[in-house]
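Read the figures in this text as sums done on the coordinates, not as results from a lab. Since the structure is predicted, the reported quantities are computational estimates derived from the model, not experimental observations.
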Amino acid sequence: MQACGPLYSWVASQIGYSEIYNSVLPLREEVERLETEAAEAVTRKTAVEAEVEALEESIMAMKADYADLIRSVESIKGEMAVVSVRVERSENLLESLRGEKASERASERANERASERTSGNGYIHYLY
């Protein structure tokens, strides 16, 4: 009988261990599943962070390009204003030259008539 006491304790311990092991096994499996999901989440997080960083760099580059374009537009507007002033001055000069040309033609015609009269008057004086 003395051998049965320790054997009973050992069997009782094995049964207790088996019950605890059986109750802990699903928990271990759950932990493994959660660790796998956590690793996948970390991988996705890293990928998303890299994508966000790339997008931020793209945005910064686009902002710089936009600023360059705005400077170019402002420069072109300034050049257009200068060219507009020059065109206006040129148009005024051309109009002035047209008026001067018309005045010069009128003056030439008057001189031709005067010259014809002078020649005619000279002939008349010569004849008399």
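Observations on the structure shown:
- Helix 4-127 vs. the chain, principal-axis angle (Cα, 0 to 90°, nearest 10): 0 degrees
- log10 of Debye I(q)/I(0), alpha-carbon scatterers only, for the chain at 0.11, 0.12 Å⁻¹: -0.85, -0.89
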